[in-house]
Amino acid sequence: MNMRDLELASCDETDIRLATDAAGEPHVQIKNLCKRLGALQAVDNVSIDIPRGSIVTLLGPSGCGKSTTLRLLAGLYTPDSGDILLGGERVNELAPNKRRMTMVFQEYALFPHLSVAGNVAYGLKMRGVADDRKKARVGEMLELVGLSSEASKHPHQLSGGQQQRVALARALAVDPEVLLLDEPLSNLDAKLRVRLREEIVKLQKVLGKTMVFVTHDQEEALSISDRIAVMERGHVAQMGTPDDIYYAPTSRYVADFIGLANFMDVTVNGADSVNLGGTSVPVKTRGMTGAATLMVRPEAVRITSVDTLGSAGVIKGTVRRRSFLGSMARYWVEVAGVEWMVDDPSPAGRVHQGDVYLQLTTERLHLLPRA
């Protein structure tokens, strides 16, 4: 099956990505994992369950511990404490080539003196696979990633995207249980990144492989993941589905890291209502009282020139600047001395200026504890 076949794969196929083992255990379990690198506590008591056949992404800024966690999974680092389980089996002491996990690196790590076919065959050769089986497997993998015609070329003759496909084919050739990907698309240009991440998801759906993906790119994480672990200073700040992470962050750190947001100081009026600069705004307060922070995504606001003050969730502001982004226009609107970002999804033929009215989509608002 090649990439064209993958694109034609039926959307109503049974989605096996979130299936667990027969015993109900996650495929991979990280339990209370710790690792110090010099003076830095790089991984600090991290626990993550990874379902069989899912894509779980470790997301966060540089230095948050996501790549160190991945290298602990791969066996490239030894944990100071904690356990790594694969299918219920503890693998802490197993060598990397015994773990049934294969890693794809950011820099591709291809051998420049070997052909494409030679690179894909390398892991099979190290495992002593017979030549006929090795040749067949290499052909199968190159067909899968759409590089059959490039088998005799060397890495320097390929584009960045093609080199990354070779790295994927090499990792998949040894049929690992788990594929580990460390910022695999960060060296590619924006359009190629989008195309290749879609191809990775298609590959994963067809092969049913468990994947652990590391990235600092929020959009990338949201678009490919079944679950996301947002990391901060060596620990998991929040674990959840992309929808959970985006719409219901548990802290301002997570809310601020995932996408764009406006943060407003408010006071909880009572059950499901807050006071925002004198305006009562309906929002689920989830038992919070007193001072809180209201998170408002730019797309959760409708901008209009029509005076609708007095309606629920409507506030007045003044447009300070505008940026046209193609599919939408982004406005910076001053509200009571605070600047809001507001996204208008239908910018064609209209430009808001001066005083405007902002209608908040109340079901999309989210209340956070005041930091």
Angle between the chain longest axis and helix 131-144 axis [Cα atoms, degrees, rounded to 10]: 20
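Note down the relative contact order for the chain as a percent, whole number, built from C-alpha pairs under 8 angstrom at least six residues apart.
Working: 765 pairs, mean separation 57.6, N = 371.
Normalised by residue count, the contact order of the chain is 16 percent.
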Tilt relative to the chain, helix 116-126 - C-alpha long axis, 0 to 90 degrees, to 10: 70
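Starting from 0.36 nm per residue, how many nanometres of slack lie between S186 and A136 once their C-alpha separation is accounted for?
Taking S186 through A136 to full extension adds about 14.9 nm, to one decimal.
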Calculated Kirkwood radius over Cα pairs in Å (choose from [x] 24.3; [y] 23.1; [z] 21.7), label: [y]
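Using the crude model of +1 on Lys and Arg Cβ and -1 on Asp and Glu Cβ, and no other charge, please compute the dipole size for the chain relative to its Cα centre, in debye to 20.
On the way: 43 positive and 44 negative charges, 134 e Å.
Dipole of the chain, to the nearest 20 debye: 640 debye.
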Packing-based order for 264-272, 48-56, using average beta carbon neighbours within 10 Å, highest first: 48-56, 264-272
Point-to-point label distance, S251-S327, nm (Cα→Cβ direction, 7 Å offset): 3.1
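What does the net charge come to around A292 if you take all other residues with beta carbon closer than 12 Å to its beta carbon, with K and R at +1 and D and E at -1?
Working: positive: R252, K284, R286, R370; negative: D265.
It works out to a net charge of +3.
Set the Förster distance to 35 Å, then compute FRET efficiency between R364 and N92 from the Cβ-Cβ distance, nearest 0.05.
0.20
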Charge context of G277, other residues only, Cβ under 13 angstrom, K/R +1, D/E -1: -1
Using a Förster distance of 35 Å, the FRET efficiency for R286-L40 (Cβ separation, nearest 0.05): 0.50
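Return the loop-located GluC sites (Glu not before Pro) in segment 201-275 (DSSP other than H, G, I, E, B) with at most 16 other Cβ atoms within 10 Å of their own Cβ; answer none if there are none.
Working: sites: E219, E220, E232; in loops: none.
Taking segment 201-275 and a limit of 16 other Cβ atoms within 10 Å, no loop GluC sites (Glu not before Pro) are found.
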Estimated [θ] at 222 nm from DSSP helical runs (n ≥ 4, -39500 (n - 2.57)) normalised by residues in the chain, nearest 500: -7000 deg cm²/dmol
Added length on full extension, which subtracts the Cα-Cα distance from 0.36 nm per residue, E143 to R100: 13.2 nm
Prolate/oblate/rounded label for segment 237-357 (Cα gyration tensor, a/c 1.5): oblate
Contact order normalised by residue count of segment 242-346, Cα under 8 Å, 6+ apart, percent: 20
For segment 342-355, 3J(HN,Hα) per residue [Karplus equation, 6.51 cos²θ - 1.76 cosθ + 1.60, θ = phi - 60°, Hz, x = Gly/Pro]: 9, 9, 9, x, 10, x, 4, x, 9, 9, 7, 9, x, 6
Within-12-Å neighbourhood charge of G75 [Cβ basis; K, R +1; D, E -1]: +3
FRET efficiency, 1/(1 + (r/R0)^6) with R0 22 Å, evaluated for E177 and D217 via beta carbons: 0.30
Label-point gap, in nm, between A371 and D83 - each point 7 angstrom along Cα→Cβ: 3.7
Relative contact order of segment 164-282, defined on C-alpha pairs under 8 angstrom at six or more residues apart (%): 14
For the chain, with +1 on Lys and Arg beta carbons and -1 on Asp and Glu, the positive-most of A167, G82, L144 along the dipole: A167
Acute angle (nearest 10 degrees) that the helix 160-173 long axis makes with the longest principal axis of the chain, alpha-carbon atoms: 60
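Read the figures in this text as sums done on the coordinates, not as results from a lab. Everything quoted here is computed from the prediction, not taken from an experiment. With ideal geometry, Cβ positions are generated from the backbone for all residues, glycine too; neighbour counts draw on all protein chains shown.
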